[in-house]
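As structure tokens, the structure follows; a few thoughts come after it.
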Amino acid sequence: MEKYLEAFWNAIVGTADWTWKSIIFEVPWYNNFFWGLTVISLAVWLLEIAFPWRKEQKTIRKDFWLDAFYMYFNFFVFSIVISGFYQILSLLFAEVNITASSLALIDFSGWAPGLQLLVFFILLDFVQWFTHVLLHRYEFLWNFHKVHHSVKEMGFAAHLRYHWMENVLYKPLKTFGVMILGGFEPEQAYIVHFIAIAIGHFNHSNIKITWGPLKYIFNNPVMHLYHHAYTLPEGRNGVNYGISLSLWDYIFKTNYIPEDSGTIVIGFKGDDEFPKDFVGQNLYGFGKKKK
């Protein structure tokens, strides 16, 4: 037990120390996700201000500061807290001889760096797409995912507004995807992570971008706005599940873009009674069954 407690504490301290060093510029720029997130956020926000899609929407939109807090909480604060639990899981797996190499289906360590990055990006995006489908399909998961869909005015910061339980679900599945690829990330994996942040911010932004013919490959704000639509096609519990790539929605016929005015109502039925504060939203989903 002492070994696990020590590992738990060391992981938390180590993650907190790395985050602090990121803030004070003591980590390499390509691993500095604190300032990377900040710079990407400011850049997309400036584009929202310069080229607003919904011109009547205020620069400081509804829940702007709440969503900004979510960005840093989910990306950094919760990562510090949960790191200890993941370290214990790693030790438990090691004790039963479950390792990255034992699960690997593909050894891509010898592939060209560019091909490694491409496969890494595509596999992780599919895992996230599939997880996103589950969040909409099963009620107990949907009750957590409602936090993300409680946004009533779309903007870049809504990208990382989600219930902390989604971290608990997404990260193990993403880790499993990495383990399938030999258990390690490509040396330049930071490129994929920064690209994913940028695309996610754009998809939630108040900017009208469709990427032209590339819309069948890359997700975009027009497509993703309909993912948040209050009124969905009859018989569907969600559409346009794509994270960075839209191709999964076109392949599995979950795409839906009836028009592109950007004026639709977003949210979900009953969102007027959904908690408006951070604490209330993150306690939502537990306890009695929610409708």
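Checked against (1) closer than 29 Å to K152 by Cβ; (2) of a type in the set (F, W, Y); (3) exposed (fewer than 13 other Cβ atoms within 10 Å of the Cβ), F25 meets all criteria but (1). Within the set of pairs 6 or more residues apart or between chains, which connect a residue that is farther than 12 Å from V133 by Cα inside the stretch 233-257 to a residue that is charged (D, E, K, R) and at pLDDT 95 or above with Cβ atoms less than 7 Å apart? From residues that are farther than 12 Å from V133 by Cα, the pairs are S246/K215; N255/D249. The residues on offer are Y30, Y86, and the sole one that is at pLDDT below 85 and in contact with a helix residue (DSSP H, G or I) (Cβ under 8 Å, 6 or more places away or on another chain) is Y86.
Just checking, does the stretch 219-228 include any residue being of a type in the set (S, T, N, Q) and at pLDDT below 95? If you could, list the steps in order and put the result at the bottom.
Step one: of the stretch 219-228, the residues of a type in the set (S, T, N, Q) are 219-220.
After this cut, where a residue has to be at pLDDT below 95 as well, the list is none.
No, the stretch 219-228 contains no residue that is of a type in the set (S, T, N, Q) and at pLDDT below 95.
On the stretch given as the stretch 37-76, residues that are hydrophobic (A, V, I, L, M, F, W, C), without any contact (Cβ under 8 Å) to a residue 40 or more places away in the chain and in contact with a helix residue (DSSP H, G or I) (Cβ under 7 Å, 6 or more places away or on another chain) total 0. Among the residues of the stretch 257-274, the one identified as in a loop (DSSP other than H, G, I, E, B), at negative phi and within 21 Å of the chain's Cα centre (by Cα) is F268. Quick one: F8 ticks every box in (1) surrounded by 18 or more Cβ atoms within 10 Å (Cβ to Cβ); (2) touching a helix residue (DSSP H, G or I) at 6+ places or on another chain (Cβ under 6 Å); (3) not charged (D, E, K, R) bar one, so which box is it? So the condition that F8 fails would be (1).
Does T15 satisfy the condition of being in a helix (DSSP H, G or I) and either of a type in the set (S, T, N, Q) or touching a residue at least 60 places away in the same chain (Cβ under 8 Å) (or both)? I'd like the intermediate steps shown before the answer.
Working: in a helix (DSSP H, G or I): yes; either of a type in the set (S, T, N, Q) or touching a residue at least 60 places away in the same chain (Cβ under 8 Å) (or both): yes.
Here the answer is yes, as T15 does meet what is asked.
Among the candidates N74, N143, N97, single out the residue that is at positive phi and not aromatic (F, W, Y). On inspection, the qualifying residue turns out to be N97.
The values are calculated or read from the model by the stated rules, or taken from the named source; none is laboratory data. Note that the structure is predicted; figures quoted are calculated from it, not measured. For neighbour counting, all protein chains shown are included, and Cβ atoms are generated from backbone atoms with ideal geometry for every residue, glycine included.
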